[in-house]
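Colleague: Below is one structure. I have some questions about it.
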Amino acid sequence: MTFTIAIDGPAAAGKGTVAKRVAAHFGFAHLDTGLLYRATGRRMLDGLDPVEAARGLGAADLEANALRTPEVAQAASRVAALPEVRAALVDFQRAFAQRAGGAVLDGRDIGTVICPEAEVKLYVTASDDVRAARRHAELIGKGMDLSLADVLSDLQQRDARDTARASAPLKPAEDAVFLDTSEMSIEEAVAAALRVTAERMAAAG
Ligand code: DC
């Protein structure tokens, strides 16, 4: 059986948490596609050409913790605007989406470009202030010393770049279900995503 759940949205809206929990609930594999761009951005910061960096990504480059910094996030957003970088990462993502047993992918262009045929498409959003506060708490929790204002400005810059780029910009698929998590707990957001998925599964038989 293949069954693909595509989860898109701006930075720190909660899509990663929702994706992880939905995948665990159904026993599906989960791919955080932002990690591919973060790993490419990291390699660019290390001096590699971004297109070569994307083409040569290996499992060891995807170790998540070192990639969760604002510096790497900005680099990811910059390399993600390059069509050749995106092209280098398409096949891996599509193959992942088609794996037997079901898959959840979260990112910016999953429902629009990577998996336009996905059985479930969610567009997860939250207000800028809520997203900044959540990301700030997460980074502080990891021992990073950042102001809330810096985190907010990082998110807004990335969202502007990710939305304005010509190649696979951040935007909801026409048939995406919106999930605004601004006033939701994690449990509520996950429950809403599970509900939408269960309905589609029942419809797909
Ligand atoms: O989801 P994230 O914050 O880890 O993503 C980091 C950057 O990678 C984001 O600012 C834009 C880019 N990205 C993308 O262009 N397409 C995706 N499917 C996932 C991430």
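Colleague: Compare ARG158, ARG21, ARG195 in a GNM of the chain, Cα atoms joined below 10 Å, and give the one with the largest fluctuation.
Modeller: ARG195
Colleague: Sequence gap at least 6, Cα distance under 8 Å: using those rules, report the relative contact order of the chain to the nearest whole percent.
Modeller: Taking the mean separation of contacting Cα pairs over the length of the chain, I get 33 percent.
Colleague: Once you keep just the Cα pairs under 8 angstrom separated by 6 or more residues, what percentage relative contact order results for the range 1-108? Write down the numbers at each step before the final one.
Modeller: Numbers: 151 pairs, mean separation 55.4, N = 108.
It rounds to 51 percent for the range 1-108.
Colleague: Here's another thing I want to ask about it. Calculate the spin-label point distance for GLU63 paired with ARG94, positioning each point 7 Å from the Cα along the beta-carbon direction, and give it in nanometres.
Modeller: 3.2 nm
Colleague: If you build the convex hull over the alpha carbons only and average its shadow over all orientations, what do you get for the chain? Give it in nm² to one decimal.
Modeller: Dividing the Cα hull surface by four gives the mean projection, 10.8 nm².
Colleague: For the chain, modelled as a Gaussian network with Cα springs under 10 Å, which listed residue fluctuates most, ALA160, ALA13, ALA97?
Modeller: ALA160
Colleague: Right, here's the next one. Can you compute the modelled spin-label distance between GLU187 and ALA160, with each label point 7 Å from Cα toward Cβ, in nm?
Modeller: 3.9 nm
Colleague: Quick check on the chain: helices-only [θ] at 222 nm, where DSSP H runs of length 4 and up contribute -39,500 (n - 2.57) each and the sum goes over total residues. Nearest 500, please. Mind dumping the intermediate values first?
Modeller: Numbers: 8 runs with 105 residues, N = 205.
Mean residue ellipticity, 222 nm, calculated: -16500 deg cm²/dmol.
Colleague: Give, as a single signed number, the net charge of other residues whose beta carbon lies under 14 Å from the beta carbon of VAL22, with Lys and Arg counted +1 and Asp and Glu -1.
Modeller: Net of charged neighbours comes to -1.
Colleague: Hey, could you grab the Kirkwood Rh for the range 83-201? Inverse mean 1/r over distinct alpha carbon pairs, Å, one decimal. Provide the component values of the computation, followed by the final result.
Modeller: Details: mean 1/r = 0.0619 Å⁻¹.
Roughly 16.1 Å, rounded to one decimal.
Rule-based calculations on the coordinates, nothing more; no lab input. Please read all numbers here as calculations on a predicted model, not as lab measurements. Note that we place each Cβ from the backbone using ideal geometry, even for glycine, and neighbour counts take in every protein chain shown.
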